[in-house]
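Participant: Can you read through this structure? Questions will come right after.
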């Protein structure tokens, strides 16, 4: 039977959190995400997700829905690939900008993942086979998923809340931690974590890094860098705002800590600029932020080319769809230093997947081996979390 793409269904979902999560850019008790369902003529359905953050890519739920319906839908008509590599060639060429030259990475991610999932199922291909299609020797079909462990991400809560969350994470065996900063509690939270982790950090049994989400000026970043070096902090993520490019060179020259790019790392051009000018030591790659699984793999390819460290981050509140894409990334990309994926029902009240995809004890992740994304979505859950009526787009 034909595998022609016949319909897209777009869902705006609101996924509530178990508790509030705060950082310098936002405070949230839940997240708004866009899920796309790609329906093939034979009845196969694939799911994709894009999680917009206006302060990251400039996209909102409304702009994602519009750019899928307007910019991306036109290229999807008459899609009927003969092989899975044909589909990969098509998906790799989906645009990252609309006609107004605005970034549409989240919209692109949503559609790309839906296509990869649907046609992966149709052709019975696991997405980790993309490594062979890319023809890049740095990637493998079985990278370090069994070796890497998920980091404990701590928001900039009041100290008593942070201490409770930290103890729960330690009880669950986590040993890598990232602290969000940007509140009056920063120094107290840092002192507490240093006290609790110092022994293990010195024995290389734990790590601590800090994420400012662009909330500091260069003087604050320099002062905090000096304070954090003796604390054993291993990396400072996005200390300056994206628009504060005039001070990036000075901070790169003077900082005593390795620097990581996140909000300033949206496109491949961003990656080239940051690496060629030696402005950062590490890339925080995120599937939704960087345009999908293929976009994230292209970013990782550049990171390896320029000898930059790789972290696979996550947008706070990702569902199982983006988490599964992240797992496939880790199954292909070797030497990823840190990851923050698969929080699932540790953060969300409920997830969309029939089988839990969250990380296990010690932050351990399991492989995905089924075709497509390798997960089964509970469509009743999609209906349950609808924030507005779904959009159906007929393509033939």
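Values in this text are rule-based calculations from the coordinates and carry no lab data. Here the structure is a predicted model, which is why all the values come from computation and not from measurement. Cβ sites come from the backbone with ideal geometry, for glycine too, and all protein chains shown count toward neighbours.
Participant: Quick check on packing: order 255-266, 280-291 by the mean number of other C-beta atoms within 10 Å, highest mean leading. Provide the component values of the computation, followed by the final result.
Facilitator: Details: 255-266: 21.5, 280-291: 28.1.
So the peptides 255-266, 280-291, ranked by packing, come out 280-291, 255-266.
Participant: Right, next: How would you classify region 32-182 from its alpha-carbon gyration tensor, with a ≥ b ≥ c the square roots of the eigenvalues: rounded for a/c under 1.5, else prolate if a/b is greater than b/c, otherwise oblate?
Facilitator: Values: a/c = 2.41, a/b = 1.50, b/c = 1.61.
The shape class here is oblate.
Participant: Among 318, 272, which comes first, then next, by fewest other beta-carbon atoms within 10 Å?
Facilitator: Values: 318 29, 272 13.
Exposure proxy ranking, most exposed first: 272, 318.
Participant: So what's region 350-396 giving for Cα Rg divided by 2.2 N^0.38 Å, two decimals? Please list the in-between numbers first.
Facilitator: Numbers: Rg = 14.7 Å, N = 47, 2.2 N^0.38 = 9.5 Å.
Region 350-396 yields a ratio of 1.55.
Participant: Just need the Rg to Rh number for region 303-358, please, alpha carbons only, Kirkwood Rh.
Facilitator: Working: Rg = 12.5 Å, Rh = 12.0 Å.
That ratio is 1.04, to two decimals.
Participant: From the mean inverse distance of alpha carbon pairs (Kirkwood) and the Cα radius of gyration, derive Rg over Rh for region 132-363.
Facilitator: Working: Rg = 17.2 Å, Rh = 18.1 Å.
Rg/Rh: 0.95.
Participant: Further question on the same structure: Using only the alpha carbon atoms of region 279-396, find the Kirkwood hydrodynamic radius as the inverse mean reciprocal pair distance, in angstroms to one decimal.
Facilitator: Values: mean 1/r = 0.0644 Å⁻¹.
This gives a value of 15.5 Å.
Participant: Just 32, 176, 186 to compare: in a GNM of the chain, with alpha carbon springs under 10 Å, which one fluctuates most?
Facilitator: Fluctuation is largest for 186.
Participant: Moving to a separate point now. Translational diffusion coefficient, Stokes-Einstein: compute it for the chain using the Kirkwood radius over C-alpha pairs as Rh, at 20 °C and 1.002 mPa s, and state it as an integer in µm² s⁻¹.
Facilitator: Working: Rh = 21.2 Å.
Reported coefficient: 101 µm²/s.
Participant: Among 54, 356, 227, which one moves the most in a GNM of the chain with springs linking Cα atoms closer than 10 Å?
Facilitator: 54
Participant: To continue, here is another question. Taking the chain as a Gaussian network, where each spring joins two C-alpha atoms under 10 Å apart, which residue of 373, 330, 268 fluctuates the most?
Facilitator: Its mean-square fluctuation being the largest, the pick is 268.
Participant: Once you order the gyration tensor axes a ≥ b ≥ c over the Cα atoms, which shape class does region 128-224 get: rounded for a/c under 1.5, otherwise prolate or oblate by comparing a/b with b/c?
Facilitator: prolate
Participant: Right, next: For every helix of n ≥ 4 consecutive DSSP H residues, a contribution of -39,500 (n - 2.57) applies; sum these over the chain, divide by its total residues, and give [θ] at 222 nm rounded to the nearest 500 deg cm²/dmol.
Facilitator: Per the formula, -10000 deg cm²/dmol.
Participant: Continuing with the same structure: Return the Rg/Rh value of region 165-276, two decimal places, where both radii are evaluated on C-alpha atoms and Rh is the Kirkwood radius. Numbers along the way, then the final one.
Facilitator: On the way: Rg = 14.7 Å, Rh = 14.8 Å.
Reported Rg/Rh (Cα atoms, Kirkwood Rh): 0.99.
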